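Engineer: Sharing a structure below in structure tokens format, with a few things to ask.
The values are calculated or read from the model by the stated rules, or taken from the named source; none is laboratory data. From a predicted model like this one, the values you see are computed outputs, not experimental measurements. Cβ sites come from the backbone with ideal geometry, for glycine too, and all protein chains shown count toward neighbours.
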Amino acid sequence: MFNFDFYNPTRIVFGPDTIARLDDLVPTDARVMVLFGGQSARKTGTLAQVNEALGARHVQEFGGIEPNPSYETLMQAVAQVREQQLDFLLAVGGGSVIDGTKFVAAAVGYEGDAWNILETRGTGIRQALPFANVLTLPATGSEMNHSGVVTRRATQAKLPFRSVHVFPQFSILDPSKTQTLPVRQLANGVVDAFVHVMEQYLTYPVDARVQDRFAEGLLQTLIEIGPQVLKESADYSTRANLMWTATLALNGLIGAGVPQDWSTHMIGHELTALHGIDHARTLAIVLPANLKVRREAKRAKLLQYAERVWHISQGDDEQRIDAAIQKTRTFFESLGLPTRLAAYQLDADDIDGLLKQLDAHRLTALGEHRDVTLDVSRQILEASL
């Protein structure tokens with residue numbers, strides 16, 4: 001196990017009817033901006049509950065944050081916060097709204113061009129406005145971590161950033177809020193969480209037994225409940241387990257002291273930026289191909305994954321690895337997420353454009369060994385056709 005410094009100050013308030021706790025948790029003299037995406041938060045009554053809980057506090061709203069939050073939209077929020085001298089942000093939504101809110105929190109007091117936050121991956125952030133979240137869509141884990149992703153439409157760039165200054169103060173997780181979500185969004189959430197775990201787990205062994213077992217437990221939970229949450233009749237317990245699993249998948253705990261491989265995410269970001277494919281759906285395309293192309297580097301962990309997660313014990317090593325990769329692909333497809341580029345009318349002619357973007361964003365040495373070059377990324381994309 002590697003040395004690590006684990007820090008996570010975010011408070012989690014979990015359960016039904018917990019939005020009312022905002023009155024206890026938000027400072028009484030706060031000047032609040034409530035940020036959200038489309039109108040679903042209003043139509044479902046969630047915004048009304050939030051406003052009721054905030055009571056007499058000064059509150060302004062900012063809606064329209066996209067599923068892949070855009071720099072252009074977020075800078076409008078930054079301007080409003082500055083002009084109105086707001087001092088507390090509250091995200092109401094899923095990972096995209098929370099990511100966007102993190103950027104706004106960091107950009108309000110940032111000196112210089114705020115796009116530098118993304119170009120420097122957040123290393124230049126020195127302060128941020130306090131903010132919190134009301135989570136309505138389990139998927140990204142952004143409600144309990146210090147990272148985010150923002151897209152600049154003008155240049156089709158989708159870049160990540162991270163900083164200890166953008167940990168949420170608290171997040172309210174009410175699983176009953178998932179009952180109004182479309183099946184597509186829930187399926188995306190299951191796969192996003194699954195891949196988050198995989199990219200911290202399926203690298204190479206470092207005898208991190210707790211992290212391995214924890215990660216395997218999260219994967220098994222998602223495999224077990226994934227099909228269940230897609231049913232409209234899914235009960236509260238199933239939804240609660242999905243929400244908490246997605247949070248734990250990327251709150252830093254299972255990634256402490258272990259090698260990580262975010263190549264699937266980085267390649268996926270370019271697919272979203274160039275072709276508008278849902279983030280989770282890009283992961284469903286890229287991960288199985290990534291495992292196939294890099295099976296030698298990941299051999300030991302692939303065999304462990306096959307045995308402990310999928311209970312594959314028959315056959316030689318190659319057969320077990322093949323079976324584990326196929327099980328992964330089949331799981332994604334069973335949730336309604338295609339695992340081939342062809343499903344999105346993309347073919348070999350589209351690969352060069354994706355590689356050009358990876359190169360432009362300096363994503364030329366990815367993976368746990370920093371050996372996922374542009375040539376390897378090409379092989380992964382070709383295996384995704």
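Engineer: Taking the stated definitions as given, is LEU354 buried (at least 20 other Cβ atoms within 10 Å of the Cβ) and part of a loop (DSSP other than H, G, I, E, B)?
Structural biologist: Considered against the rule, which asks whether it is buried (at least 20 other Cβ atoms within 10 Å of the Cβ) and part of a loop (DSSP other than H, G, I, E, B), LEU354 comes out as no.
Engineer: In this structure, does TYR305 turn out to be closer than 26 Å to ARG152 by Cα, hydroxyl-bearing (Ser, Thr, Tyr) and modelled with pLDDT of 95 or more?
Structural biologist: Against the criterion (closer than 26 Å to ARG152 by Cα, hydroxyl-bearing (Ser, Thr, Tyr) and modelled with pLDDT of 95 or more), TYR305 does not qualify.
Engineer: Only one of LEU363, LEU346 is assigned to a loop (DSSP other than H, G, I, E, B), surrounded by 16 or more Cβ atoms within 10 Å (Cβ to Cβ) and out of contact with any Asp or Glu (no Cβ under 9 Å at 6 or more places or on another chain). Can you tell me which?
Structural biologist: Exactly one residue qualifies, and that residue is LEU346.
Engineer: Within segment 320-332, is even one residue assigned to a helix (DSSP H, G or I), acidic (Asp, Glu) and surrounded by fewer than 21 Cβ atoms within 10 Å (Cβ to Cβ)?
Structural biologist: Yes.
Engineer: Which of the following residues is modelled with pLDDT of 95 or more, closer than 25 Å to ASP278 by Cβ and part of a loop (DSSP other than H, G, I, E, B): GLY109, GLY122, GLY148, GLY100?
Structural biologist: Going through GLY109, GLY122, GLY148, GLY100 in turn, the sole match is GLY122.
Engineer: Would you be able to tell me the number of residues in segment 43-61 that are in contact with a strand residue (DSSP E or B) (Cβ under 8 Å, 6 or more places away or on another chain) and over 16 Å from GLN80 (Cβ atoms)?
Structural biologist: 6
Engineer: Tell me, which residue of segment 180-236 that is closer than 20 Å to THR339 by Cβ and surrounded by fewer than 18 Cβ atoms within 10 Å (Cβ to Cβ) is modelled with the highest pLDDT?
Structural biologist: ILE223
Engineer: Considering only segment 49-61, state which residues are surrounded by 14 or more Cβ atoms within 10 Å (Cβ to Cβ) and over 17 Å from GLY100 (Cβ atoms).
Structural biologist: Of everything in segment 49-61, those that are surrounded by 14 or more Cβ atoms within 10 Å (Cβ to Cβ) and over 17 Å from GLY100 (Cβ atoms) turn out to be GLN49, ASN51, ALA53, LEU54, ARG57, HIS58, VAL59.
Engineer: Name the pairs whose Cβ atoms lie under 6 Å apart, with the first residue in segment 341-357 and under 19 Å from THR373 (Cβ atoms) and not assigned by TED's automatic domain parsing to the domain that holds ALA280, the second assigned to a helix (DSSP H, G or I) and among the basic types (Lys, Arg), and 6 or more positions between them or separate chains?
Structural biologist: Pairs that qualify, where the first residue is under 19 Å from THR373 (Cβ atoms) and not assigned by TED's automatic domain parsing to the domain that holds ALA280 and the partner is assigned to a helix (DSSP H, G or I) and among the basic types (Lys, Arg): there are none.
Engineer: What are the pairs, 6+ residues apart or on separate chains, where a residue within segment 27-54 that is over 19 Å from GLN169 (Cβ atoms) has its Cβ under 8 Å from a residue that is aromatic (Phe, Trp, Tyr) and not in a loop (DSSP other than H, G, I, E, B)?
Structural biologist: Qualifying pairs under 8 Å: ARG42/PHE36; LEU47/PHE36.
Engineer: Could you check segment 25-48 and list, in sequence order, the residues that are loosely packed, with under 15 Cβ neighbours inside 10 Å and within 23 Å of the chain's Cα centre (by Cα)?
Structural biologist: Answer for segment 25-48, where residues must be loosely packed, with under 15 Cβ neighbours inside 10 Å and within 23 Å of the chain's Cα centre (by Cα): GLY38, GLN39.
Engineer: What pairs come out if I take residues in segment 177-200 that are within 21 Å of LYS298 (Cβ to Cβ) and assigned by TED's automatic domain parsing to the domain that holds ALA246 and pair them with residues that are basic (Lys, Arg) and part of a helix (DSSP H, G or I) whose C-beta lies under 8 Å away, six or more apart or interchain?
Structural biologist: Listed pairs, sorted by first residue: VAL191/ARG281.
Engineer: Among the residues of segment 243-261, are any more than 24 Å from LEU135 (Cβ to Cβ), touching a Leu at 6+ places or on another chain (Cβ under 6 Å) and not small (Gly, Ala, Ser)?
Structural biologist: Taking every residue of segment 243-261 in turn, none turns out to be more than 24 Å from LEU135 (Cβ to Cβ), touching a Leu at 6+ places or on another chain (Cβ under 6 Å) and not small (Gly, Ala, Ser).
Engineer: Looking at (1) under 17 Å from GLY268 (Cα atoms); (2) touching a His at 6+ places or on another chain (Cβ under 6 Å), which one does VAL197 not meet, given that it meets all the others?
Structural biologist: (2)
Engineer: Take segment 358-379 and flag every residue that is in contact (Cβ under 8 Å) with a residue 12 or more places away in the chain, among the charged types (D, E, K, R) and over 20 Å from PHE161 (Cα atoms).
Structural biologist: Hits for segment 358-379 are ASP371, ARG378.
Engineer: Continuing with the same structure: Condition first: touching a strand residue (DSSP E or B) at 6+ places or on another chain (Cβ under 6 Å) and surrounded by fewer than 20 Cβ atoms within 10 Å (Cβ to Cβ). Now tell me which residues in segment 134-169 satisfy that.
Structural biologist: SER147, ARG153, PRO160, ARG162, GLN169
Engineer: Next question. May I ask you to verify whether MET75 is over 17 Å from THR140 (Cβ atoms) and in contact with a strand residue (DSSP E or B) (Cβ under 9 Å, 6 or more places away or on another chain)?
Structural biologist: Considered against the rule, which asks whether it is over 17 Å from THR140 (Cβ atoms) and in contact with a strand residue (DSSP E or B) (Cβ under 9 Å, 6 or more places away or on another chain), MET75 comes out as no.
Engineer: Of the residues HIS265, HIS275, only one is crowded, with 17+ Cβ neighbours inside 10 Å, within 20 Å of GLN357 (Cβ to Cβ) and at pLDDT 95 or above; which?
Structural biologist: Exactly one residue qualifies, and that residue is HIS265.
Engineer: If you check ASP261 against the conditions, is it more than 18 Å from the chain's Cα centre (by Cα) and either among the small types (Gly, Ala, Ser) or not assigned by TED's automatic domain parsing to the domain that holds PHE131 (or both)?
Structural biologist: no
Engineer: Spot the failing condition for THR44; the list is (1) under 29 Å from SER237 (Cα atoms); (2) polar (S, T, N, Q); (3) not assigned by TED's automatic domain parsing to the domain that holds GLY141, and only one is missed.
Structural biologist: Only one criterion in (1) under 29 Å from SER237 (Cα atoms); (2) polar (S, T, N, Q); (3) not assigned by TED's automatic domain parsing to the domain that holds GLY141 is unmet by THR44, namely (3).
Engineer: Modelled with pLDDT of 95 or more, assigned to a strand (DSSP E or B) and within 25 Å of VAL32 (Cβ to Cβ): is that true of ALA114 in this structure?
Structural biologist: So ALA114 fails the test.
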